[in-house]
1. Please compute the alpha carbon radius of gyration of the protein assembly as shown, then divide it by the globular-protein estimate 2.2 N^0.38 Å. Two decimals is fine.
2. For the stretch A:35-115, which trypsin sites (Lys or Arg not before Pro) pass both filters: DSSP loop (anything but H, G, I, E, B) and at most 15 other C-beta atoms within 10 Å?
3. Per residue of the stretch B:86-97, in order, report the coupling 6.51 cos²θ - 1.76 cosθ + 1.60 (Karplus, θ = phi - 60°) as ³J(HN,Hα) in whole Hz, putting x for Gly and Pro.
4. Report the charge-dipole magnitude of chain A in Debye, nearest 20, computed about the Cα centre from +1 at each Lys and Arg Cβ and -1 at each Asp and Glu Cβ.
5. Could you work out the relative contact order of chain A, using alpha carbon pairs under 8 angstrom and six or more residues apart, expressed as a whole percent?
6. Give the shape of the stretch A:1-76 as rounded, prolate or oblate, defined through the alpha-carbon gyration tensor: a ≥ b ≥ c are the square roots of its eigenvalues, a/c under 1.5 means rounded, and otherwise the shape is prolate if a/b is larger than b/c and oblate if not.
7. Within the protein assembly as shown, how many Lys pairs that are eight or more residues apart, or on different chains, come under 29 Å at the alpha-carbon?
8. Let me know the Rg and Dmax you get for chain B when you use only its Cα atoms, in Å.
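Rule-based calculations on the coordinates, nothing more; no lab input. Just so you know, these numbers come straight off a predicted model, no measurement behind them. Note that we place each Cβ from the backbone using ideal geometry, even for glycine, and neighbour counts take in every protein chain shown.
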Amino acid sequence: GNSVTQMEGPVTLSEEAFLTINCTYTATGYPSLFWYVQYPGEGLQLLLKATKADDKGSNKGFEATYRKETTSFHLEKGSVQVSDSAVYFCALSADGGTSYGKLTFGQGTILTVHP
Amino acid sequence: KAGVTQTPRYLIKTRGQQVTLSCSPISGHRSVSWYQQTPGQGLQFLFEYFSETQRNKGNFPGRFSGRQFSNSRSEMNVSTLELGDSALYLCASSSQGGWQETQYFGPGTRLLVL
């Protein structure tokens, strides 16, 4: 079946540090890939997405590139802020008619940024 | 546009009871999906509804059920509650439920089963 694996957390960084959160996936065909962020006490917000190989999603300084050859979608940010502290989820949506409305999520990575 | 809304935000129930959660999607969205979030199992897909029909279902027991109304609002029901059903239940909506579409999430309903 389809699956998503994220790097083990939690991740603790100082403000302005470089961030990488690794995400790899297993799926047949050409899934769509997403990064969602969850702040305490809230639901999930879409951070960025990519729907085909070599696409780069970007938003709020975060970037991720859909790498079909390595089945990866790593999240990066050049300079993190305290306000980026949250839980980050990598997710996929498989192509094909049986995947309606279904996202498969990684386990989530807790990011804490200190001033 | 208003976002996805879920009611109630918090619920406390006892084992054996049943519970109904409600979700109102973004206006114009016809697909509604439900997820369970727990510290141990993470985010797991429950089911998806489109035009009042369940099109997709996750691996949950039959105690978990749902429905969708003609205005696209959706409810999920959990019968005979167990302690392990304590979780954050999230609903998400999208236009058609297609695999390339973004799902927009509500704030969730936090259920505590005692």
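1. Working: Rg = 17.5 Å, N = 229, 2.2 N^0.38 = 17.3 Å.
Cα-based Rg divided by the globular estimate yields 1.01.
2. Values: sites: A:Lys49, A:Lys52, A:Lys56, A:Lys60, A:Arg67, A:Lys68, A:Lys77, A:Lys102; in loops: A:Lys52, A:Lys60, A:Lys68, A:Lys102.
Within the stretch A:35-115, the qualifying trypsin sites (Lys or Arg not before Pro) (loop, at most 15 other Cβ atoms within 10 Å) are A:Lys52, A:Lys60, A:Lys68.
3. Coupling constants for the stretch B:86-97: 4, 5, 9, 9, 10, 10, 9, 10, 8, 4, 10, x Hz.
4. Details: 8 positive and 11 negative charges, 66 e Å.
For this selection, approximately 320 debye.
5. Working: 301 pairs, mean separation 41.8, N = 115.
It rounds to 36 percent for chain A.
6. Numbers: a/c = 1.62, a/b = 1.54, b/c = 1.05.
Prolate, since a/c reaches 1.5 and a/b exceeds b/c.
7. Close lysine pairs found across the protein assembly as shown: 29.
8. Rg then Dmax for chain B, in Å: 13.2, 39.
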